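The values are calculated or read from the model by the stated rules, or taken from the named source; none is laboratory data. These figures come from a predicted structure and were not determined experimentally. Cβ: placed from backbone, ideal geometry, glycine included. Neighbour counts: every protein chain shown. What goes into the accessible areas is simple: the full protein's heavy atoms, side chains included, and nothing from ligands, DNA or RNA. Shrake-Rupley method; radii C 1.70, N 1.55, O 1.52, S 1.80 Å.
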There are 2 protein chains.
Amino acid sequence: MASTATGEEVPNKRVVLKYYVTGFPSADAMEVLTGTASLAVPPGSSVMVVKNLYISCDPYMRDRMTKHERPSYVPEFVLGETLVNFGVCKVIASGHSDYKVGDLVWGVTGWEEYTLVTEPESFFKIHHPELPLSYYTGVLGMPGLTAWAGFFQVGKPKKGEYVFVSAASGAVGQLVGQLAKLTGCYVVGSAGSDEKVNLLKNKFGFDEAFNYKKEADLDATLRRYFPEGIDIYFESVGGPTLEAVLENMRPHGRIPACGMISQYNLEEKHGVRNIFQVVAKRLRMEGLLVFDYYSDYYKFEEEMAGYLKEGKISYVEDIAEGLEEAPAALIGLFTGRNVGKQLVAVARE
Amino acid sequence: MASTATGEEVPNKRVVLKYYVTGFPSADAMEVLTGTASLAVPPGSSVMVVKNLYISCDPYMRDRMTKHERPSYVPEFVLGETLVNFGVCKVIASGHSDYKVGDLVWGVTGWEEYTLVTEPESFFKIHHPELPLSYYTGVLGMPGLTAWAGFFQVGKPKKGEYVFVSAASGAVGQLVGQLAKLTGCYVVGSAGSDEKVNLLKNKFGFDEAFNYKKEADLDATLRRYFPEGIDIYFESVGGPTLEAVLENMRPHGRIPACGMISQYNLEEKHGVRNIFQVVAKRLRMEGLLVFDYYSDYYKFEEEMAGYLKEGKISYVEDIAEGLEEAPAALIGLFTGRNVGKQLVAVARE
Ligand SMILES: NC(=O)c1ccc[n+]([C@@H]2O[C@H](COP(=O)([O-])OP(=O)(O)OC[C@H]3O[C@@H](n4cnc5c(N)ncnc54)[C@H](OP(=O)(O)O)[C@@H]3O)[C@@H](O)[C@H]2O)c1
Ligand SMILES: NC(=O)c1ccc[n+]([C@@H]2O[C@H](COP(=O)([O-])OP(=O)(O)OC[C@H]3O[C@@H](n4cnc5c(N)ncnc54)[C@H](OP(=O)(O)O)[C@@H]3O)[C@@H](O)[C@H]2O)c1
């Protein structure tokens, strides 16, 4: 089936959004339907058809599940249409000269078995198929590039600096912490369970880690872990965590602002009351979105593949089996059900 | 009296803080006392005695009027001791080889007639006494350097960009707006009275200006003035203004965070609920404190003196006469009583 385009129609399971959500979403907002897919590309076109092997569950998708009053940084999903997000794919038909049948690629694809890709140029080639292909949804894919660009290019770390990472056991956080250790920083991470704290300390080599759900006074907790203060806060959580961090930043500290997952499901967002610390401590808080760094991707891929092969970076993923599990896997990000990078195996190949 | 050190004791009016304040302060928290000053420097020491000509009223002084629970970026004033802040002074006795009697200098001095300066090296020399000396509390002094460094070094403006300035008619704001115009930016300012709005448009050359007290929905107001969004927000006000601005920033916008005067007197600070815009729009919000830029001062002084002489920069100041007026002048900053840079003439010379 995956050899050449034949024009045959095959069944195609797909995940769609049933209704726009507000507040904390339920997996119910999505459903898995079965349609059909054509495995051929129209003659003369430059599109391609891919078989989806692994699809990624990413927190930003939450924003796409809500109807926007004003345009957001990503458009909302279209109800009834197949959800789209990053995935690892095999090309099974191609009218594009740069992509041939059998190529392994990653990029934005459908939450379905087969996807007709109208913009093949938006896909990256996979140069290290000797590593687990699923890694291209994480450490070698979008979250990896986010961690690498966010920490180095936005955070501009120096050896010996004090680094705090929130959502530290997740896809991005586990890598930020390890890159910080490779840079010679002192690194503390926070996560939502003792199991995750154990991972941080014993698998990822963080200097310290704590379960934020057990800390009543995060400001005091951070003061304890960072008596000298924090030079770099890699921000993934926002809200009260950001407030506590601002109290504990050192002068000229940096906050690469990657995400604020604690706020994504809140109808009334938490108001940050101590933004004045940005002035008083001359902090630099700077947002990043991974697609601004796509031009660095292949450089990053080589560097990260090297770290993985040399055993300098460890990586933990949480793989749900089959598209049926995708809605719950996505929602699980917001309760911290995932341990490590959450993805879905659509087809193992 | 101002010629050489004679050892004589003279009466010395001075302003002291009577009690630490919370919330909105009253001029009553300060009082004007009369003590004595010696006009001589102890033989062999390297201190100097200055006669204070003009002293500056600056918003950050509010922080020094409150007892701090945790160390702040500036220490609190000592009750009963003479207040200190930037001023323009004439040296009347000196044991320091770099400063001689008759020199005109500016730096941190006392809110009094005569001050014994123990660290003369912290004072800057005045190279343009042909311009009004009072300018060295403002356009040629600390607020000027703040505007210049904050706009150029932190804001990194480009020709044609859209710039919003809050507290725009004040010491810093009027200069930021004019520097932005000199850079070829489109500039809108907000201020708290129609008189100030008139100044912005007709004296300082802002493209547009509005009285924020008359705008019920600042988000909508900004959308009207910036249909394309804001590239640089020079932040002096904080709170709800910052929130409205965040909704209207353009991708990759910059926020030099200079101050947040709307928050200085609040016991409960306003919580900023849409900090996530920093991520979504990849904003850079960066704090600055002027003393980080002192090494650029003389370069700045030449540049700004040039603009003033060529008529490229206009400047408005609000001068209170005599130390007796100093407490009310300081408090007036927080009600917007000042039109332009607020200072106090201690002695005209
Ligand atoms: N800017 C970009 O281009 C970009 C790219 C990728 C990711 N991101 C952002 O980076 C962050 C991490 O993403 P990821 O892919 O690595 O996800 P992840 O960390 O693998 O999964 C999300 C984790 O967030 C934590 N979490 C959920 N709700 C929380 C809450 N209310 N308070 C604190 N923690 C909570 C949970 O871990 P615990 O058990 O520890 O609570 C959960 O496992 C997110 O904010 C995401 O939006 C940004
Ligand atoms: N980071 C640094 O190193 C540095 C150095 C100097 C100054 N600053 C900061 O820069 C800002 C401006 O200082 P400045 O010396 O130029 O003072 P200024 O603007 O000359 O005077 C203060 C002005 O702030 C406005 N204001 C007062 N309360 C307000 C409120 N609740 N909401 C909105 N506006 C309010 C008033 O004007 P309206 O009539 O327009 O309301 C008042 O005239 C302050 O935040 C100050 O702390 C920082």
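A few comments on the model shown:
- Neighbour cut-off at most 13 other Cβ (10 Å), DSSP loop, GluC sites (Glu not before Pro), the stretch B:1-87: B:GLU8, B:GLU69, B:GLU81
- Take the stretch A:1-119 with all the other protein chains still there, run a 1.4 Å probe, and you get 44 Å² of accessible area per residue.
- Note on chain A: GNM, Cα springs under 10 Å; of A:GLY170, A:GLY138, A:GLY95, the largest mean-square fluctuation is that of A:GLY95.
- Peptide A:285-291 has a mean of 6 when you count, residue by residue, the C-beta atoms of other protein chains within 10 Å of its C-beta.
- Label point at B:LEU182 placed 7 Å out along Cα→Cβ; residues across the stretch B:303-336 whose backbone nitrogen lies under 18 Å: B:303-317
- Debye, to nearest 20: dipole size of the protein assembly as shown, +1 on Lys, Arg Cβ, -1 on Asp, Glu Cβ: 400 debye
- Angle between chain A longest axis and helix A:297-309 axis [Cα atoms, degrees, rounded to 10]: 70 degrees
- The chymotrypsin sites (Phe, Trp or Tyr not before Pro) of the stretch A:114-166 include none that meets both conditions, a loop assignment by DSSP and at most 10 other Cβ atoms within 10 Å of the site Cβ.
- Here the accessible area is traced with a 1.4 Å probe on the protein chains. For chain A, carbon and sulfur cover 51 percent of it.
- Peptides B:279-291, A:262-274 ordered by average Cβ neighbours within 10 Å, highest first: B:279-291, A:262-274
- Shown here for the stretch B:98-133: GluC sites (Glu not before Pro) in loop regions (DSSP other than H, G, I, E, B) with at most 11 other Cβ atoms within 10 Å, namely B:GLU130.
- Mean separation of Cα contacts under 8 Å (6+ apart) over length of the stretch A:228-295, as relative contact order %: 37 percent
- Around B:VAL346: net Lys/Arg minus Asp/Glu count, Cβ-Cβ under 12 Å: -1
- For the stretch B:1-110: relative contact order, % (alpha-carbon pairs under 8 angstrom, 6 or more apart): 32 percent
- Using a Förster distance of 22 Å, the FRET efficiency for B:LYS159-B:LYS203 (Cβ separation, nearest 0.05): 0.45
- Measure of compaction for chain A (Cα Rg per 2.2 N^0.38 Å): 1.02
- Here A:GLU321 and A:GLU81 are evaluated by their C-beta separation; at R0 = 22 Å the FRET efficiency comes out at 0.35.
- Look at where the Cα atoms of the stretch A:105-128 and of the stretch B:283-349 average out, and the two centres are 58 Å apart.
- Relative contact order %, the stretch A:142-291, counting alpha carbon pairs below 8 Å whose residues are six or more apart: 22 percent
- The stretch A:142-291 - Rg over Rh from alpha carbon coordinates, Kirkwood radius: 0.93
- Cross-link check: pairs A:LYS51/A:LYS201; B:LYS67/B:LYS201; B:LYS90/B:LYS213; A:LYS214/B:LYS281; A:LYS51/A:LYS341 evaluated at a Cα-Cα cut-off of 31 Å; pairs beyond the cut-off: A:LYS51/A:LYS201; B:LYS67/B:LYS201; B:LYS90/B:LYS213; A:LYS214/B:LYS281.
- Inter-label distance, A:ARG223 to B:LYS18: 3.3 nm, where each label sits 7 Å from its Cα along the C-beta direction.
- Neighbourhood charge, 10 Å Cβ-Cβ cut-off, centred on B:GLY336 and excluding it, Lys, Arg +1 and Asp, Glu -1: +3
- Chain pair A, B: total accessible area buried, heavy atoms, 1.4 Å probe, Å²: 2700 Å²
- Between 0 and 90 degrees, the angle of helix B:171-182 with respect to the longest Cα principal axis of chain B falls at about 50 degrees.
- Projecting the Cα atoms of A:PHE124, A:VAL339, B:GLY110 onto the dipole axis of the protein assembly as shown, where Lys and Arg carry +1 and Asp and Glu carry -1 at the beta carbon, places A:PHE124 farthest toward the positive end.
- A 1.4 Å probe run over the protein chains yields, for the stretch B:142-291, 34 Å² of accessible area per residue, whole-number rounding.
- Taking a Cβ cut-off of under 10 Å around B:ALA40, the surrounding Lys, Arg, Asp and Glu residues balance to a net charge of -2, with basic ones at +1 and acidic ones at -1.
- Buried on complex formation within the stretch A:253-268 (loss of at least 30 square angstrom of accessible surface versus the isolated chain, 1.4 Å probe, ligands and nucleic acids ignored): A:MET260.
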